[in-house]
Each structure stands twice: as structure tokens, then as C-alpha cells.
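**Student:** A single structure is presented below for examination.
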Amino acid sequence: MSRSKNRGPIRLNPTARQHYLNVSRRPLQILAFLMPLIIAYEIALPWLVVPSGKNVTAHQTLLQFFHAFGIAPASVLFLGGIAIVVVLLVWHLLNCDPWSVDYAAVGLMWVESLALTVPLLVLGQLMTHATSPAWSITVLAQQAAGDATLAGLSLPSKLALSVGAGLYEELLFRMMLIAILHTLLVDVGRASHGVGATVAVLVSAAAFTLYHQRHAWPEVTFFFLAGVYFGAIYVVRGFGIVVGVHALYDIITVSLLSSSN
């Protein structure tokens, strides 16, 4: 029996690479990738998030939408996670994709998300050198809490809020806002896809910055550039990867904040 002589690093061949790029954008694959985050946040809601008195503002906005239709607050609490699951399943049905999940691709999606988190961490470090060391660790970490102060919260509560920010801020500012703007610009306004995507990303980044209610120029600059970065990832790599990047960035920053205290 012959053995392969190639003992170098494992690399994806062009066919496998294209398969991964395609499958990682499918809604059912995204759902499998995000399900651990969705379950973790839903479990944390009654035990860590609600008792802390904090919540991700984007999640609160979604819950207020449900409450406006007369759904009781106790029932509304878990509808955020259900909404993400339903949206992805409906999207899957509309696409008529196969009912199969590539679990190897799920692992690669986490690797890719971690790799794409690095440039954002570098940006934070560059902003730190331009301002002060306390700025990036203290101020940027508050992004995970939807601008609520993290002081006095336990590390598990901070991590839960980090996961929630990744899920619901990306749902609000990327999946919903970019989709609406792109539809208006391209389908209604007859702009090209490139122009529509660029304008949608820039507008969503501006809204993302305003959402965080920052006034000092380093903070405004960072959140706008981060919003552009998240928007570009969403357009090029899809909803799953951008949620992974956002959640991992927030988890890393709040962990740094906890270790520095």
C-alpha cells in the first residue's frame, strides 16, 4: 500500500476552499455555527443578564418590538434567540438549500472568525498608542455591554453580554439595516451592487457609532472604523462570520478588562 509523501501543512485545495466559502454563507450552516452562542445567551439571560440589571441595547430594542404587539414581558425575554433561529430557517427554506451541515466547516468558521478578530484588536492597540492605555481596555470593552458600564459585574455576566452584543448588534446593524439600505438603493434606486453595498456599509457604520453614544474623537473613530470593518465582513463573508468576529472581539476585550482590575 502506497503512502503519501506529502507531510507538509494541510492546505485547502481550490475546490475545497470554494466549497467552504460557499457553505459558510448558507443559512443552515450559519445556524449550526451560531447555535452555541444563541443557547449560551438564552441560558444566561435569567441567571446572569437580568439579575445584573444590564442588557444589550440592540437586544432590548428587539424585545420592545415584540412587546409592542402585546406579548407579555416574561414571554418576550427569550424571543430574541427564537427570532434569529426563525429568520435563518425561513431564509434556508427560501433558498431551497439541502438539509445538511458541514461540521468541519463549522470549525473552520471559528478559525476564520478568530483570524479576522486580530485586525480589530490591532486597531484598538493603535488607538491606544494615539491616546492612553486605559482607553482601549476600559472604553472599548464597554461595547460588549451595549454601552452600559461593566463595573461591578462578574466575568460570566460580562461574557454573556459580549455574546449578546455579537448576536443582536450584528442582527440589527448588519443583517437588517444593510439589507434594507441595499434593497432601497439597488432594487428601488437602481444603483449598482457595489455602490449600494458601499453606501449601506457606511450608513450602518455611522448608525453603529451613534448607537454607542460616543463623543470623544478616539471613540467615534474606533466605532466607525469597527462598523465599516464589520460591514465589510458581513458583505463578503456573511452573517455567521461577522457575529463570530464581533463576539470574539468583545469576549477578548472584557477578559482583558477583568484581568487588568
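**Student:** Assess whether Leu210 counts as being open to solvent by 50 Å² or more (accessible area, probe 1.4 Å) and part of a helix (DSSP H, G or I).
**Tutor:** yes
**Student:** I'd like to verify a number: residues in the stretch 7-21 that are open to solvent by 80 Å² or more (accessible area, probe 1.4 Å) and either among the hydroxyl-bearing types (Ser, Thr, Tyr) or at pLDDT 95 or above (or both), how many?
**Tutor:** So the count comes out to 1.
**Student:** Next question. Condition first: part of a loop (DSSP other than H, G, I, E, B), buried (at least 20 other Cβ atoms within 10 Å of the Cβ) and modelled with pLDDT of 95 or more. Can you find one or more residues in the stretch 30-40 that meet it?
**Tutor:** no
**Student:** Would you point out the residue of the stretch 110-132, among those that are polar (S, T, N, Q) and loosely packed, with under 15 Cβ neighbours inside 10 Å, that is modelled with the lowest pLDDT?
**Tutor:** Ser132
**Student:** Another one. May I ask you to say which residue of Val254, Val242, Val201, Val220 is open to solvent by less than 30 Å² (accessible area, probe 1.4 Å) and either modelled with pLDDT under 95 or touching a Cys at 6+ places or on another chain (Cβ under 8 Å) (or both)?
**Tutor:** Val254
**Student:** Quick check on my filter: what residues within the stretch 46-60 are among the polar types (S, T, N, Q) and either in contact with a helix residue (DSSP H, G or I) (Cβ under 6 Å, 6 or more places away or on another chain) or modelled with pLDDT under 70 (or both)?
**Tutor:** Scanning the stretch 46-60 gives Ser52, Asn55.
**Student:** Which residue is nearest to Val254 (Cα to Cα), if the candidates are limited to the stretch 150-172 and must be in a helix (DSSP H, G or I) and polar (S, T, N, Q)?
**Tutor:** Residue satisfying both the conditions and the ranking: Ser162.
**Student:** Taking the condition without any contact (Cβ under 8 Å) to a residue 40 or more places away in the chain, among the small types (Gly, Ala, Ser) and part of a helix (DSSP H, G or I), does Ala191 pass?
**Tutor:** Answer is no for this residue.
The values are calculated or read from the model by the stated rules, or taken from the named source; none is laboratory data. Keep in mind it's a predicted model, so treat the numbers as computed, not measured. When we count neighbours, we look across all protein chains shown, and the Cβ atoms used for this are built from the backbone with ideal geometry, even at glycine. Side chains are part of the model used for accessible areas, which takes the heavy atoms of the whole protein and leaves out ligands, DNA and RNA. Shrake-Rupley method; radii C 1.70, N 1.55, O 1.52, S 1.80 Å.
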